[in-house]
Amino acid sequence: MKDKVYIFDTTLRDGEQSPGASMGINEKLKVALQLEKLGVDIIEAGFAVSSPVQFDAIQLIAQEVKNAVIASLARAVEKDIDAAAQALKYAQRKRIHTFIATSPIHREFKLKKTKEEILKQAVYAIQYAKQYTDDVEFSAEDATRTELDYLVEVVTAAIDAGAKTINIPDTVGYTVPSEFTKIIRTLKEKVPNINQAVLSVHCHNDLGLAVANSLAAIEAGARQVEVSVNGIGERAGNAAMEEIVMALELRKDIFGVETGIVTQEIYKTSRLIVSVTGIQVQPNKAIVGKNAFSHEAGIHQDGVLKERRTYEIMKPEQIGRTHSEIVLGRHSGKHGLQARLKELGYTIQGDDFEKVFQKFTEVADKKKAVYDDELIAIVSECLSIDMPEMLFLEHVQIMSGSNALPTATVELKKNNRIIREAAIGNGPVDAIYKAINRIAGISPELEDYGISSISIGQDAMGEAMVSLKYEGKVYSGHGSSTDVLVASAKAYLNAMNKILYLERKKEEK
Ligand SMILES: [Zn+2]
């Protein structure tokens, strides 16, 4: 059997730290269930101690996900480890991921601690976490800027203390492949008990090298790689899951390793992350970008028509993309829809399917062709989990024009009750948002607003994205519709529901 590289997905933790990517608890669950289908080995579901939403999301994911290991991040302090353990209580397989910074700059300015103190704290945290689970991962934060002999010392002590996975993060995206190779090789050579743990890497993309550095580390012997879908994450992001997985898959001749990823689920996962975070993928992005399989130059097109492999190193089908773009129309019916959903990898039945079908008919009535990406957006919108405090859009009506005051009438549903409000605004979108504020009883600040089209053509579905600021925190939301004003209303409600969830949590306390 070939060597296995474990895929540790941190889309829900590090990925969510991307500005504006905050997800609601139901959205996180949806992502986790898709990650499980994708076949990731470990899902880092959040940072339990950091907020009630994080805690609740980890708890819910721990209950629902059956195969993947569920991890929570925790600083190397008792309070964090206790919270992680509590959130993970019901997980079938759980991991506590504890970390402390080891580099001189973090020791001196952030932690104000000596090398000895940090080493002691790391060992204590690992031992403390071991009372909850045998599966403890330790990260030496900012490892790539840590003195190599000190790093060897810390890693040796961490394994002695019982850490089963040792993670070497390039926290600030500073290393380069040749240097990282040297770090991993040195650890393999100089840490006497290195074979008792899995060596892991976690790379950031500040110099655009996250994937290259991760692959270099795997060649040098790392056997776990920490990634995020579409490469989202702090600042310039994390190593992109799809790029690493496909490089390992296509270049087995170089790497000689396997992953447990079902590559046909990659594209669907990528689209789900776009839809729950509102963060679009750049068109020329490797593997999952809009243009990743488009051939523009005549010579290339000619070559591809004669033999695809002339200019294509992989088939779009390998990652679950299809060549046929137009899919369904008004007359497709339930059978057509079910068949297409199946081709896209969805098994949706019963009430859920009825919901999707109803939404699909509404969209198909308004436009001739429904494209795959639009279908995926419909599915992800329909299959959300209801919470009692949530507001749903029933109806929106706008009056505006060059001589009229923009006026919106909004009807929302909450707990099966219809609530109606009207408001005047500076423009139609502003009027809608003011009417929603009246119903919700709070007025968050609109920080950012944008609209883009999901597919092509004049009648394409629009996707709206908003960022709301409320009590110092930013909440993002997104929504799609064939009508941009309806999409704008949905996006606003999506962000508003995240705020309302937190408000209810505060009241419960
Ligand atoms: Zn990170």
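The values are calculated or read from the model by the stated rules, or taken from the named source; none is laboratory data. Since the structure is predicted, the reported quantities are computational estimates derived from the model, not experimental observations. Please note: Cβ atoms are built from the backbone with ideal geometry, for glycine as well, and neighbour counts cover all protein chains shown. With ligands, DNA and RNA removed, areas are computed over all heavy atoms of the protein, side chains included. Shrake-Rupley method; radii C 1.70, N 1.55, O 1.52, S 1.80 Å.
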- prompt: Once the Cα atoms of helix 372-382 and of the chain are each reduced to a long axis, what angle between those two axes, in degrees from 0 to 90 to the nearest 10, is obtained?
  reply: 90 degrees
message: Just to confirm, what accessible area per residue do you get for segment 392-508 at 1.4 Å probe, in whole Å²?
response: 50 Å²
message: Let me spell out the model: positive unit charges on the Cβ of Lys and Arg, negative unit charges on the Cβ of Asp and Glu, origin at the Cα centre of segment 325-383. What dipole size does that give, in debye rounded to 20?
response: 240 debye
query: What's the carbon and sulfur percent of segment 3-277's accessible surface, probe 1.4 angstrom, rounded to a whole number?
result: 50 percent
field: CD proxy at 222 nm, helix term only [per DSSP H run n ≥ 4: -39500 (n - 2.57); per residue of the chain; nearest 500]
entry: -12500 deg cm²/dmol
message: Translational diffusion coefficient of segment 8-137 at 4 °C, 1.567 mPa s, Stokes-Einstein with Kirkwood Rh over Cα pairs, in µm²/s as a whole number.
response: 87 µm²/s
- prompt: Taking the inverse of the average 1/r across all pairs of different Cα atoms in the chain, what Kirkwood radius in Å do you get?
  reply: 24.3 Å
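Rounded to the nearest 5, what is the percent of antiparallel bridges among the DSSP beta bridges in the chain?
Values: 36 of 73 bridges.
The answer is about 50 percent antiparallel.
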field: Largest-first principal axis extents, alpha carbons of segment 392-508, Å
entry: 47, 30, 29
- line: Scaled by the rule-of-thumb 2.2 N^0.38 Å, the alpha carbon Rg for segment 91-226 gives a ratio of 0.98
statement: The distance between the Cα centres of segment 167-233 and segment 31-46, in whole Å, is 21 Å
- request: Let me see the pair-distance distribution of segment 162-204: every alpha carbon pair, 5 Å bin width, integer percents in order.
  value: 5, 21, 30, 24, 14, 5
query: Using a 1.4 Å probe on the protein chains only, how many percent of the accessible area of segment 325-383 belongs to carbon and sulfur?
result: 50 percent
- prompt: Once amide H atoms are placed 1.01 Å from N in the peptide plane, what residues at a sequence separation of 5 or more from V288, or on another chain, have their amide H within under 5 Å of its amide H?
  reply: none
field: Over segment 434-477, volume per residue of the alpha carbon convex hull, in Å³
entry: 82 Å³
query: For segment 406-467, what is the convex hull volume of its Cα atoms per residue in Å³?
result: 120 Å³
message: Just to be sure I understand the curve: with the Debye formula and one point per C-alpha of segment 325-383, what is log10 I(q)/I(0) at q = 0.13, 0.14, 0.18, 0.27 Å⁻¹?
response: -0.25, -0.29, -0.50, -1.26
- prompt: P(r) of segment 3-277 in 10 Å steps, Cα pairs, percent per bin?
  reply: 7, 32, 39, 19, 2
